[in-house]
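Undergrad: This is the structure, below, for whatever I ask next.
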Amino acid sequence: MRKVYVTRSAIPDLLTLGNVFSGFAAIIYLADNNFILAAIYIFVAAIFDMLDGIAARILNATSEIGAELDSLCDAVSFGLAPSFMLYKAFFYQFNSLGILLSALPVIAGVFRLARFNVQLVSFEDKMYFKGMPIPAGALTIISYVLFYVNTNILNETMLFILSMIVVLAVPITMVSNVKYDNMPRPTKKSFKARPVFFIYVILAIIISIASKGYAIFPLMLIYMIVTPIINGIVKFLHYNKKNNYDNN
């Protein structure tokens with residue numbers, strides 16, 4: 001009998017497939033307007049997305065096919081599912097225009113993932129990404145829908161304005177060239193590399209838990225908006241410093 005060999009990459013690949021299954025399950029529940037279960041499955045997809053990378057590095061099983069598989073699964077769980085959530089929660093009422101608008105996050109997310117793959121030079125864990133990561137975009141959308149759209153705490157005007165901001169700002173930041181911080185790892189090295197962002201993430205988690213989730217969306221907006229501002233200030237200061245050095 002021929003022996004069946006299981007390669008080391010099988011473990012992270014199975015975790016990655018768990019990601020896309022969770023994304024698919026989220027879409028099924030969204031079709032039934034079950035936003036809570038859909039959000040839970042997208043959260044589970046994020047856990048699989050984190051674990052597959054950790055497993056691949058521990059087992060030294062990183063590969064090009066693993067990176068491609070990860071991006072395809074991310075497109076479903078963090079692109080398609082959140083876009084469908086936006087449509088089902090708010091944009092359905094605008095018919096064809098609503099379909100177009102709610103599709104913008106998944107369109108931008110797929111483009112961002114493709115750009116990331118062609119610019120990938122190593123499989124090492126990165127501290128920064130070009131453009132806001134697609135899981136962060138998904139978290140922004142999910143937290144907005146769950147805690148602000150479905151709870152009816154916003155009046156019609158505010159709901160419309162915020163929904164338009166979300167559906168336009170999330171795609172723009174994902175395809176931008178702005179440098180966004182990756183989620184810091186719980187290590188001493190990570191803290192030393194980015195102490196301010198590390199502290200911000202810890203405080204954000206505490207505040208989110210204390211607010212029972214309502215603070216997640218405002219905190220994601222801060223991350224989405226403040227990062228380009230800080231990046232611009234740093235570039236400006238670096239440019240001035242270089243000019244002063246050249247003039248001297």
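Undergrad: I'd like to verify a number: residues in segment 139-163 that are free of Cβ contacts under 8 Å to residues at least 40 places away in the same chain and of a type in the set (A, V, I, L, M), how many?
TA: At the first step, the residues of segment 139-163 found to be free of Cβ contacts under 8 Å to residues at least 40 places away in the same chain are 151-158, 160-162.
Filter once more, so that each one left must be of a type in the set (A, V, I, L, M): 153-154, 158, 161-162.
Adding up the residues that qualify gives 5.
Undergrad: Here are the criteria: (1) over 26 Å from PHE35 (Cα atoms); (2) at pLDDT 80 or above; (3) of a type outside the set (Val, Ile, Thr). Tell me which single one GLY213 does not satisfy.
TA: With respect to (1) over 26 Å from PHE35 (Cα atoms); (2) at pLDDT 80 or above; (3) of a type outside the set (Val, Ile, Thr), GLY213 is out only on (1).
Undergrad: For segment 200-219, which residues satisfy the criterion of being of a type in the set (A, V, I, L, M) and in a loop (DSSP other than H, G, I, E, B)? Full working, then the answer.
TA: Just the residues of segment 200-219 that are of a type in the set (A, V, I, L, M), to begin with: 201-207, 209-210, 215-216, 219.
Once the filter is applied, which keeps residues that are of a type in the set (A, V, I, L, M) and in a loop (DSSP other than H, G, I, E, B), segment 200-219 yields only ALA215.
Undergrad: For segment 92-114, give me each residue that is at pLDDT 95 or above and touching a Ser or Thr at 6+ places or on another chain (Cβ under 7 Å).
TA: Matches in segment 92-114: SER102, ALA103, PRO105, VAL106.
Undergrad: State yes or no: is VAL167 under 19 Å from the mean Cα position of the chain (by Cα), closer than 21 Å to TYR87 by Cβ and in contact (Cβ under 8 Å) with a residue 40 or more places away in the chain? Write out each step before concluding.
TA: On the way: under 19 Å from the mean Cα position of the chain (by Cα): yes; closer than 21 Å to TYR87 by Cβ: yes; in contact (Cβ under 8 Å) with a residue 40 or more places away in the chain: yes.
So VAL167 fits the description; yes.
Undergrad: Still on this structure: Consider segment 169-207. How many of its residues are hydroxyl-bearing (Ser, Thr, Tyr) and over 23 Å from GLY79 (Cα atoms)? Give the derivation first.
TA: Taking segment 169-207 and keeping what is hydroxyl-bearing (Ser, Thr, Tyr), we get 173, 176, 180, 187, 190, 200.
Add one more test, that the residue is over 23 Å from GLY79 (Cα atoms), and what stays is 187, 190, 200.
Matching residues across segment 169-207 total 3.
Undergrad: Scan PHE197, PHE236, PHE160 and give me the residue that is in a helix (DSSP H, G or I) and buried (at least 18 other Cβ atoms within 10 Å of the Cβ). Show your work before the answer.
TA: On the way: PHE236 fails: buried (at least 18 other Cβ atoms within 10 Å of the Cβ); PHE160 fails: buried (at least 18 other Cβ atoms within 10 Å of the Cβ).
Answer to the check: PHE197.
Undergrad: It is to be established whether one or more residues within segment 171-194 are part of a helix (DSSP H, G or I), crowded, with 19+ Cβ neighbours inside 10 Å, out of contact with any Lys or Arg (no Cβ under 6 Å at 6 or more places or on another chain) and at pLDDT 90 or above.
TA: Taking every residue of segment 171-194 in turn, at least one turns out to be part of a helix (DSSP H, G or I), crowded, with 19+ Cβ neighbours inside 10 Å, out of contact with any Lys or Arg (no Cβ under 6 Å at 6 or more places or on another chain) and at pLDDT 90 or above.
Undergrad: (1) touching a Leu at 6+ places or on another chain (Cβ under 7 Å); (2) aliphatic (A, V, I, L, M); (3) over 26 Å from ASN177 (Cα atoms): which one isn't true of ILE134, the others all being true?
TA: (3)
The values are calculated or read from the model by the stated rules, or taken from the named source; none is laboratory data. Given the structure is predicted, the values throughout are model-derived calculations rather than measurements. So basically every Cβ, Gly included, is an ideal-geometry build from the backbone, and we count neighbours across all protein chains shown.
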